[in-house]
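Structure, as structure tokens:
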Amino acid sequence: MHSGLAQKIQDDGFALVQDSDGWSNVRGEPSTNSNILGRIDHGELIWCFLPNDPKWVPVFYIRETPDKKVGLYGFIHSSRLKPLSSFKEIPGKLEPDTKVTFQSDRVKVEIEEEKFDPVGISITKVKTESGFVLVKDINNKTVWGTDGTMPTAQYRKFSVVIDGKDVSPPAEAVEDLFEPGVKWLRTRVFHETGKNTLYITTLNGDGAGGYVAAFVFEKGKYTKRIVHAPY
């Protein structure tokens, strides 16, 4: 893996598994002699850390299904990864500090944030042994973006249009994601035009509550969301 690819992986964070075998091994150490911890299917999107070894990339991956969540942390050979910046990146325009728009000839993405509004929602709090009161969940969902404190910002709009068709993710795909930090321009949009696959990635959070998220749209339809706190 040359330095350019290492830089892309560092900058992008997310990368696609690309393996003609149909899957790629995740190993415990950066070596083909290391134990195989699991496999990740060809085409899956995973989070990558900055590689120290020229041939191996440390990765973190969570597969979410309706009934379980499977997490893998280990190493994948760099030849099996394709950074998202290999595809066309659609630049964003901030207007003003709370809204960003990404637009190309086929795609328009509008993302806007607003102050967190606790009215009409269910907030569960817990008290620690040391006496601190923390937010456990909101509307019975995990709170992404804070480290137990009350959120200050939430998504107001997350609109995606591809080839003139509204394919925006459902409300439940963004309602538990807080502290979007739109003004920091940490959201990126990549379009794999040949397969008409769109990837929206973002790095959000208040610092200690930092998380990464990716939204995938395939053949003009929203297909999945990936979210985790890898650090």
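Here are the numbers for this structure:
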item: Highest-fluctuation residue, Gly131, Gly220, Gly43 considered, GNM on the chain with Cα pairs under 10 Å; result: Gly131
item: Overall form of region 113-206 per C-alpha gyration tensor (a/c, 1.5; a/b vs b/c); result: prolate
item: In order through region 23-33: 3J(HN,Hα) via Karplus (6.51 cos²θ - 1.76 cosθ + 1.60), integer Hz, x for Gly, Pro; result: 6, 10, 6, 9, 10, x, 9, x, 6, 6, 8
item: Ranked Val174, Val161, criterion: other C-beta atoms within 10 Å, fewest first; result: Val161, Val174
item: Paramagnetic reach from Gln18 in region 80-97 [backbone N under 19 Å; point 7 Å along Cα→Cβ]; result: 80-90
item: Residues whose placed amide H lies under 5 Å from that of Thr223, excluding near-sequence neighbours; result: Val216, Phe217, Glu218
item: Option label - Rg and Dmax of the Cα atoms in Å computed here, alternatives (1) 19.2, 66; (2) 19.2, 60; (3) 18.5, 55; result: (3)
item: Phi-based couplings in Hz for region 151-161 (Karplus 6.51, -1.76, 1.60; Gly and Pro marked x); result: x, 10, 9, 9, 6, 9, 8, 9, 9, 10, 10
item: 3J(HN,Hα) from dihedral phi, region 133-146, Karplus parametrisation 6.51/-1.76/1.60, rounded to Hz, x for glycine, proline; result: 9, 10, 7, 8, 7, 10, 6, 6, 10, 4, 8, 8, x, 10
item: Stretchable slack from Tyr231 to Ser31, in nm (0.36 nm times residue separation minus alpha-carbon distance); result: 69.7 nm
item: Label-zone membership for region 60-98, site Asp53, 7 angstrom Cα→C-beta point, backbone N under 16 Å; result: 60, 73-81
item: Efficiency of FRET between Ser79 and Lys224 - r from beta-carbon atoms, R0 22 angstrom, step 0.05; result: 0.30
item: Long-range amide H partners of Thr149 with built H, under 5 Å; result: Val135
item: Exposure proxy order (Cβ contacts within 10 Å, fewest to most) of Asp176, Asp137; result: Asp137, Asp176
item: Exceeding the 20 Å Cα-Cα cut-off - candidates Lys165/Lys221; Lys82/Lys165; Lys99/Lys219; Lys136/Lys224; Lys82/Lys195; Lys8/Lys69; result: Lys82/Lys165; Lys99/Lys219; Lys136/Lys224; Lys8/Lys69
item: Which of Lys127, Lys141 has the fewest Cβ neighbours within 10 Å, and the rest in rising order; result: Lys127, Lys141
item: Per-pair calculated FRET efficiency, R0 = 41 Å: Thr128 and Lys93 via Cβ, rounded to 0.05; result: 0.45
item: Difference of contour (0.36 nm per residue) and Cα-Cα distance, Glu175 to Val161; result: 3.1 nm
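All of the numbers you see were taken from the coordinates with simple rules; none came from a lab. If you're wondering where the values come from, they're calculated on a predicted model, not measured in any experiment. Methodologically, a virtual Cβ is constructed for each residue, glycine included, from the backbone with ideal geometry; neighbour enumeration extends over all protein chains shown.
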